[in-house]
1. Need pairs with beta-carbon distance below 7 Å; first residue in the same structural domain as VAL260 (by TED's automatic domain parsing) and over 21 Å from ILE263 (Cβ atoms) and within the stretch 274-294, second at pLDDT below 75 and not in a loop (DSSP other than H, G, I, E, B); sequence gap 6+ or separate chains.
2. Looking at the structure I just gave you, is ARG602 outside the structural domain of GLN491 (by TED's automatic domain parsing) and outside any loop (DSSP other than H, G, I, E, B)?
3. Is there a residue being assigned to a loop (DSSP other than H, G, I, E, B) and buried (at least 19 other Cβ atoms within 10 Å of the Cβ) anywhere in the stretch 535-553?
4. Does GLY531 meet the test of being closer than 30 Å to ILE484 by Cβ, in a loop (DSSP other than H, G, I, E, B) and either among the small types (Gly, Ala, Ser) or in the same structural domain as GLY438 (by TED's automatic domain parsing) (or both)?
5. Being within 18 Å of ARG492 (Cβ to Cβ) and β-branched (Val, Ile, Thr) is the filter here, so list the residues in the stretch 1-60 that pass it.
6. Report yes if SER55 is surrounded by 21 or more Cβ atoms within 10 Å (Cβ to Cβ) and of a type in the set (Ser, Thr, Tyr), otherwise no.
7. Suppose the filter is assigned to a helix (DSSP H, G or I), more than 34 Å from the chain's Cα centre (by Cα) and within 18 Å of LEU459 (Cα to Cα); does PHE705 pass it?
Amino acid sequence: MYISNVSIVNYKSFRNTKFSFKEGINTIIGENGSGKTNLFRAIRLLLDDNLLRMSYKLNENDFNRHLGPFQGHWIIISIEFSDLSPDEEIQSLFIHGTGDAAQEKLTQATYTLLFRPKPDVRLRLSDLAEGDTEGMNAILNELSIDDYETKFTGKSTVDFNDEDVYKDIVGDFENVKFRFPDDASKIGVLIPHQLSISREISFTFIQALRDVVSDFHNNRTNPLLTLLKAKSEDIDEADYANISDQVLALNESIEQLPDVLDITKNISQTIKETVGETYSPSSLSIKSSLSDEANKLLQSLKLFIGEPGEDHEGGIHELSLGGANLIYLTLKLLEFKYQKANETFANFLLIEEPEAHIHTHIQKTLFDKLDYGDTQIIYSTHSTQISEVSNLSNINVLSKKSNYAVAYQPATGLDEPRIVKLERYLDAIRTNLLFAKGVILVEGDAEEILIPSLIKKVLGFSLDEIGVSIINIRSTGFENIADIFHDDRIQRNCAILTDLDTSITAVAIQEGDSEAIKKYKTKCYNSERKGRERQESITAYIDGNRWLEAFYAHHTFEVDFLMANDSEVMTNIVEQVYTDPPTIALAKEELESDDVAIAGKRILTMAKQEGKGWFAILLGNNIDSNTAIPNYILQAVQFATPKMNREIVAGILNHRMKVLLADGQDLAFDAFKNNLNRYRKSEIELPQIIDEFETIVLADRGLDFLRLL
């Protein structure tokens, strides 16, 4: 039995979200605040028997903020189980009411938590005439959280994530239509309190590793004490009798020490001297409190550990943070193994962000080996090292929206060969594209190296700052990676950046052309033909997919970059490429040519000689805040980040002002700065602030990008 789906409606960061899980190991990835902890809390409300009963009484803060007023709405958390065991005990948990255990065995079932208004409130709402908004508001306005109840149901048959289903079972607030009583065939049959799934399964939750040293000092959270307590119950009384006798004898020996007896006598005598015989205690003694009970004695044990490669063995507090976290995680996993051994119907292990302070190699090794066979494991992570060893089919990607989060499954709808290709590629480049808010796919080292540097120097922000990842696909086809970005999978913008390879020279072979020229023209022609074919293929591939867009260099990145900039950007690195003075002079002359056939050929020759990656590094050391970024690159960055917030835009304008003033330009920005603050406060819009900036500066590199927004 395993969790196949979790549906969450109106709970914390989730307005309407469905998670899909597989048997074995599952990964949840997402940025801070996207809801990973909230997902685990939702699952625990249904399956964790260690939660206090009061945890099931939710409050107004548990409702998703996107709702606005919570009154009248429901929180719904539903878990779907698949591959149910045919055992009578587990079948009985999911056969309620008039269910017949003699019928065909269930293989799939649901378990649902409903936090909703109490019956009297739902009855009053159902009595309203259709369209009676005033009457509905009168009822809702007087509701408090005390008018809510928590109920558990099984055997629901509807998709709670369907908006129409929500209107049907909860109510249509717009048209004032409410149902009462419940339709058990849809929401499921109420489960009696004595039937609890959490008591029939093995479930362990390992919280995020943040301050494990303090947890070791807390008797309630110390994982070692939990293990020792569990084992103390298995100790044979006869085997323990000798130890118990020795503890009693030790206590007696301590109590009879001359110094202890002297102190006892002196305390008694001092009391009598102070208050007299009448008010003095009738007896007084000092006793040793070493327990002779197995569970208490075992819990007095402490763990001592030596760091790898060291001889010293010290306490937990002496370990590095990573060492302490690794020991804590290990003990919690062992605790799970002990619990799992109790012959439960299903085993679930939830691990929250386990990577804190743990070396990357340990992360990969640990979670590559984290497999307990018949156990479903769900863990959340920020770590590309951990997600790298995860199967794409077993990943849920959380994306943060305004006041709510959504979950994407990157393998949905893909056949096995496609998934295998994606997984191999993601293993090679890690999985940072799964963590990004937007992605730019490039096919060369030059773009991967130079684009982030250009954006930072010219526009003043980093691509990391806006959540955009540059992914170099190298020889891999774009479609092998871009498949992930789709309505059915990850709904994030992905820009495909490539070259048209339009020839920099006329390709028609002329009479009198030398063999070398013929060969060069043929090479240019073939590159141009392949560029057209590539464009046709990509255009057909992205057709109808709103998350993909292609942007093309007219020639190649190096040529387009050269033609967009003053030749000085390139001529400054000539002497780092060539050492022969005549060649240096010729190269500079050709780079300064306005003829793309001449300048373009030279820049491509230099890039080939140095290697495109190393050549890009040389260029990167020579660019500055006034370097021109080819327009197709700016368009790709804009597409990858369609929601550029006001602070980023204001940051670009502030950066450009500093650049212009540092260049010694005499420009008056005082009034503009005041309006920029108004723009930040949403008092004026982007076109107005761009027009005002352009009036002052006339032309600027920052405007090349801002006009695209």
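The values are calculated or read from the model by the stated rules, or taken from the named source; none is laboratory data. Quick caveat, the model's predicted, so the values are computed rather than measured. Every residue, glycine among them, receives a Cβ derived from its backbone with ideal geometry; neighbour counts consider all protein chains shown.
1. SER291/LEU297; ALA294/SER232; ALA294/TYR240
2. Details: outside the structural domain of GLN491 (by TED's automatic domain parsing): no; outside any loop (DSSP other than H, G, I, E, B): yes.
Against the criterion (outside the structural domain of GLN491 (by TED's automatic domain parsing) and outside any loop (DSSP other than H, G, I, E, B)), ARG602 does not qualify.
3. In the first step, residues of the stretch 535-553 are kept if they are assigned to a loop (DSSP other than H, G, I, E, B); the result is 543-547.
With the extra rule that they be buried (at least 19 other Cβ atoms within 10 Å of the Cβ), the set shrinks to 547.
Checked the stretch 535-553: at least one residue is assigned to a loop (DSSP other than H, G, I, E, B) and buried (at least 19 other Cβ atoms within 10 Å of the Cβ).
4. On the way: closer than 30 Å to ILE484 by Cβ: yes; in a loop (DSSP other than H, G, I, E, B): no; either among the small types (Gly, Ala, Ser) or in the same structural domain as GLY438 (by TED's automatic domain parsing) (or both): yes.
No; evaluated as a whole, the condition is false for this residue.
5. THR17, THR27, ILE28, ILE29
6. Values: surrounded by 21 or more Cβ atoms within 10 Å (Cβ to Cβ): no; of a type in the set (Ser, Thr, Tyr): yes.
Spelling it out, it is not the case that SER55 is surrounded by 21 or more Cβ atoms within 10 Å (Cβ to Cβ) and of a type in the set (Ser, Thr, Tyr).
7. Numbers: assigned to a helix (DSSP H, G or I): yes; more than 34 Å from the chain's Cα centre (by Cα): no; within 18 Å of LEU459 (Cα to Cα): yes.
No.
Yes or no, residue by residue, for (1) surrounded by fewer than 22 Cβ atoms within 10 Å (Cβ to Cβ); (2) under 23 Å from the mean Cα position of the chain (by Cα); (3) farther than 28 Å from VAL406 by Cβ:
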{"site": "GLU447", "(1), (2), (3)": "no, no, yes"}
{"site": "ILE455", "(1), (2), (3)": "no, no, no"}
{"site": "LEU459", "(1), (2), (3)": "no, no, yes"}
{"site": "ILE470", "(1), (2), (3)": "no, yes, no"}
{"site": "PHE478", "(1), (2), (3)": "no, no, no"}
{"site": "ALA482", "(1), (2), (3)": "no, yes, no"}
{"site": "ASP488", "(1), (2), (3)": "yes, yes, no"}
{"site": "ASN493", "(1), (2), (3)": "no, yes, no"}
